1. Test Ser17 against the criterion of being of a type outside the set (A, V, I, L, M, F, W, C), modelled with pLDDT under 90 and outside any loop (DSSP other than H, G, I, E, B), and give yes or no.
2. Is there any pair with a first residue in the range 64-82 that is under 17 Å from Ala53 (Cα atoms) and a second that is surrounded by 15 or more Cβ atoms within 10 Å (Cβ to Cβ) and of a type in the set (A, V, I, L, M) whose Cβ atoms are under 8 Å apart and which are 6 or more apart or on different chains, and what are they?
3. State which residue is modelled with the lowest pLDDT when the search covers only the range 23-59 and only residues that are hydrophobic (A, V, I, L, M, F, W, C) and surrounded by 10 or more Cβ atoms within 10 Å (Cβ to Cβ).
Amino acid sequence: MKTTILAVTFGLGLLVSGAAYATDAAAPAATPSPTPTTTATAAPKPDKAATEARSQECSKEADAKGLHGKERKKFREKCKKGDK
């Protein structure tokens, strides 16, 4: 008797859970929330080749000026931004 009740309960549980999964799959897909975008004022990133070329130019200028250490680093940062 206990085994029969346990089997019936288990069987009903499978039927109910199957129906629950079926209704979830049939439900309409939720529309995804819009992802935040960057502001329109953000400048586009330059391509890698242009960035490398600018970095090399700044390094050559720093070499020509004989800069080393922190002074070289500061100069290159300004140079790459276009501040010189």
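The values are calculated or read from the model by the stated rules, or taken from the named source; none is laboratory data. Source: prediction; values computed, not measured. Glycine gets a Cβ as well: all are built from the backbone with ideal geometry, and neighbour counts include every protein chain shown.
1. yes
2. Phe75/Ala62; Phe75/Leu67; Arg76/Ala62; Cys79/Ala62
3. Restricting to residues being hydrophobic (A, V, I, L, M, F, W, C) and surrounded by 10 or more Cβ atoms within 10 Å (Cβ to Cβ), the top hit is Ala50.
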